[in-house]
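The values are calculated or read from the model by the stated rules, or taken from the named source; none is laboratory data. Treat the numbers as computed from the prediction; the structure is a model and nothing was measured. Because the Cβ atoms are built from the backbone with ideal geometry, glycine has one as well, and the counts that use them run over all protein chains shown. Accessible surface areas use protein heavy atoms only, side chains included; no ligands, DNA or RNA. Shrake-Rupley method; radii C 1.70, N 1.55, O 1.52, S 1.80 Å.
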Amino acid sequence: MKRCETAELDWNPNGNCPLRPNSSPRIPPLPPPFPPPLPFLRLLRCFSLSNLPTAALSSLAPRATMAASGVKMQEVKDITRIERIGAHSHIRGLGLDDSLEARMVSQGMVGQANARKAAGIILSMIKEGDIAGRAILIAGQPGTGKTAIAMGMAQALGSDTPFTTIAASEIFSLEMNKTEALTQAFRRSIGVRIKEETEIIEGEVVEIEIDRPAAGAPAGGKTGKLTLKTTEMETVYDLGQKMIDSLTKEKAQAGDVITIDKATGRISVLGRSFTRSRDYDAMGANTKFVQCPEGELQKRKEVVHVVSLHEVDVINSRQQGFLALFAGDTGEIKPEVREQIDTKVAEWREEGKAEIVPGVLFIDEVHMLDIECFSYLNRALESDLAPVLIVATNRGITRIRGTNYKSPHGIPIDLLDRLLIISTVPYTEKEIKQILHIRCEEEDVEMSEDALALLTKIGVETSLRYSIHLIIAAALVCAKRKGVEVEVEDIKKVYTLFVDVKRSTQFLMEYQSEFMFSEIQDQDADMTDTRV
Amino acid sequence: MAGAMPEGTKVSKMTSGTRRKVHYTLPDDSELVEEFDLQTDELLVRKRRAKTVLGKDGEWVFEVGEPPARVTIEGDLLRPSSSNPILVRKDRPHAFEWRVRNLPYPKANYSVSVDPNEQQLVIRTANKKYFKRITIEDMQRAHLSLEESALSWSHENNTLIVCYKKPEQILKMEKEAKAMRLNATEAVAEDTTPPDCKQQ
């Protein structure tokens, strides 16, 4: 800690701030300052003239950071690499109460009460699982929370219901037919709940020993040993890198009773062994005590799990025998294999061995699909094994890709007729403030009330996404001047450093003639694919 | 062995190196492979595998003999350390024999018994280092029950050796199976054209 305070705090061009060593992977390096052209200054003056309260005095106390030894740091880094902060990682559900009414602010969702209520109704339809092949369109302007609503639905459904998210442009590939890619996406979204026998290792951890490679060795070279015991026996296992990572992630330690799925390597901690109940005076409230397992360490157990139809397809379309060695990618799957699987699954259902778990297929930016895909969707939705389809688009009346016809949302009328449409509306100022507040918490940034108000104003005038992106940039500027919380001056600074779309467009319009190729003023030079 | 197979089992045989290999495909798509020494006709390996519910090939389960000690890519997860005790079944003309290697403890540490309820042999250690329940598949297939009197064991060179004397019925069955195996000529393809192997 002491060392941190006295350390050179000058900005390091690699983006590594010495005060926050662990967060360095997710911080983009700041580009060199860009002299703001005239229009920017004009806009800035608008802000300073508005009736915003002046910035409070910034405290000079250094930001409290974790003092970590080199060994500890390595460990933390390994885990943070897995859990980065994404654009929608603050969303934990749809934020509805039991009667499907939208709470104002809940589970990371703000506003959009009508759209969320509608999504909640669709959600209860999916959960019941009786109705196949319904389709929902979420339409709205950019940055109004369409993807957020879809993510919220996925979170609310839980991990057992298959939820496949694709962007429409993903299906265009030279290696795979468009409709094949869509079929695979459809079949990924239908689960089969089935009992399978798997081999598990169940025992009490006696010792975990992890050898750290010498400094400079590649990070993948970690090895370790795990000793497990039952009441009757004890076995030592050699661990691979993956296993060490998941043991660290599950925080397994000596005295815990754990199970390891031998095929997948999944570790789950069942609780602490009774024999260790007197190790500490104080225990966490949710510490569970279990008996040390008996008999042999390796057991065969029946496990119920959900696999998607696509996974079953892949298993059964693999080359048999020695040819399997050369089969890498699965590529396209023969329709005969799919038919076989469908009849097999129907048999299992009749015998009560398996049940179907219908899921959701979410296609973002659906206007990027072309007319062939749309007509395929029409047909695919009629199958009784179809999942619930959710599509989202931010287009108004536009050309259907692959034709010269124009249609609302770029979707043909016959498909539109099969869709229930949920529309999202732009956020109000109050809602923007709430969202920015939530994002500040998610990104672990402390912000003063004034700075948040300014950021909200920026959000209203420009866009929500732009102001969200300014949060972490402002936090870095704040850390550089050793501030505790982000103040108005930090926001002002990043506002001048990073240009939003409106200012950039304005700048381009004024200085268009000085850019490359501006002398060509050809009417046909636009980049649309009208020739198709 | 061959006599006990269910109806509809496909058999193919081949000789490779010093081993005669017999491959059975059972009507439920599970497979069984037996390997015999060419000179002594000793059963070296008997392994089974079945398809999983979803149609994937399962792992080979070794009844007799031990799996090849190969480092595979899947081994990235975890594997028992090589210092652990290893159990291998060997086939003797008059007895089933199991060898547990890497057991350095004195003889007084072990106890081997028959569990009459589960019809299994049970190996225990007083210091709680090793424990194993052994099912004798041959006896189960012939519906014979285990007798404590047929069991014997010894410990030498860090190895625990457990023997179970084969009863009369098993010896008789093995004799018949051997006669069948030796009489049947190795399957030779009727037409001499080589199988359709594409060159690259």
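Structure values in brief
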{"item": "Area accessible to solvent at A:LYS225, 1.4 Å probe radius, in Å²", "result": "80"}
{"item": "Contact surface A-B: accessible area buried, both sides summed, square angstrom, 1.4 angstrom probe", "result": "2300"}
{"item": "Cα-based reach from B:LYS175 at 20 Å (exclusive), listing aspartates and glutamates while leaving out same-chain residues under 8 positions away", "result": "B:GLU34, B:GLU35, B:ASP37, B:ASP41, B:GLU42, B:GLU63, B:ASP91, B:GLU97, B:GLU137, B:ASP138, B:GLU186"}
{"item": "Separation between Cα centres of the stretch B:152-175 and the stretch A:225-292, rounded to whole Å", "result": "38"}
{"item": "Accessible surface, 1.4 Å probe, highest first, among residues B:ASP138, A:ASP238", "result": "A:ASP238, B:ASP138"}
{"item": "Listed pairs B:LYS47/B:LYS129; A:LYS229/B:LYS129; A:LYS195/A:LYS301 exceeding 18 Å between Cα atoms", "result": "B:LYS47/B:LYS129"}
{"item": "Inter-part distance where the stretch B:97-111 and the stretch A:168-182 are each reduced to a Cα centre, Å", "result": "60"}
{"item": "Cα convex hull volume per residue for chain B (Å³)", "result": "194"}
{"item": "Reachable lysines from A:LYS433, criterion Cα separation under 18 angstrom, eight or more residues apart if same chain", "result": "A:LYS457, A:LYS492"}
{"item": "Partners for A:LYS242 among lysines (Cα-Cα distance below 19 Å; same-chain residues under 8 apart left out)", "result": "A:LYS72, A:LYS77, A:LYS222, A:LYS225, A:LYS251, A:LYS262"}
{"item": "For B:GLU59, solvent-accessible area (1.4 Å; no DNA, RNA or ligand), Å²", "result": "150"}
{"item": "Order of exposure, largest accessible area first, which applies to A:MET109, A:MET516 with probe 1.4 Å", "result": "A:MET516, A:MET109"}
{"item": "Of every Cα-Cα pair in the stretch A:137-195, the percent that sits beyond 14 Å", "result": "67"}
{"item": "For residues of A:185-197, the mean tally of beta carbons on other chains within 10 Å", "result": "1"}
{"item": "Candidate residues A:LEU385, A:LEU182, B:LEU146: accessible-area rank, largest first, probe 1.4 Å", "result": "A:LEU385, B:LEU146, A:LEU182"}
{"item": "Span from the the stretch A:331-375 Cα centroid across to the the stretch A:454-516 one, whole angstrom", "result": "46"}
{"item": "Label point distance in nm, A:ASP279-A:ARG84, each placed 7 Å from Cα along Cα→Cβ", "result": "3.5"}
{"item": "Solvent accessible area, Å² - A:SER89, 1.4 Å probe, full protein context", "result": "40"}
{"item": "Sites A:ASP384 and A:GLN141, calculated FRET efficiency, Cβ-Cβ separation with R0 41 Å, nearest 0.05", "result": "0.70"}
